[in-house]
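Q: Here's a structure for you.
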Amino acid sequence: MALPTSGSISFNQIKNEFNGTTPIRMSDYYIRGNRVKQGKKNEDVPTSGEISLSDFRGTSRTTNVNIQIIGGGGGGGASSEQYIAYDNRISG
């Protein structure tokens, strides 16, 4: 479930959303760090430098899903697409 888009956000909410550990190290929560993956909902989270709780408004844990579709018969070929799942919904 995504973090709130308004109101207060706590370290504990961020830790729970991104499967963090205690003690919380904010350096784990940069984009492409140990916890936060690059994605449309996470575009406000920095890759380095200053980071604040408000950077996490509306963010969510994402999962990359690779799907290979192989056509059968006819002149079908193989196709490979990458999708990103947000909050158990897949977009791509």
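Every number in this text was worked out from the coordinates using simple rules, so none of it is lab data. Since we're looking at a predicted model, the values are computed, not measured.
Q: Report the extension gain between Ala2 and Asn66 in nm, rounded to one decimal, defined as 0.36 nm multiplied by the number of residues separating them, less their alpha carbon distance.
A: Computed gain between Ala2 and Asn66 is 20.8 nm.
Q: Amide H of Thr62 versus every other amide H placed in the peptide plane: which residues, excluding those fewer than 5 positions away on the same chain, fall under 5 Å?
A: Under 5 Å from the amide H of Thr62: Lys37.
Q: Just the number, please: Stokes-Einstein D of the range 1-69 in µm²/s, Kirkwood Rh from C-alpha pairs, 37 °C, 0.692 mPa s.
A: In µm²/s, the coefficient rounds to 265.
Q: If the reach is capped at under 19 angstrom between alpha carbons, list the lysines near Lys15, excluding any in the same chain fewer than eight residues apart.
A: Those lysines meeting the cut-off are Lys37, Lys41.
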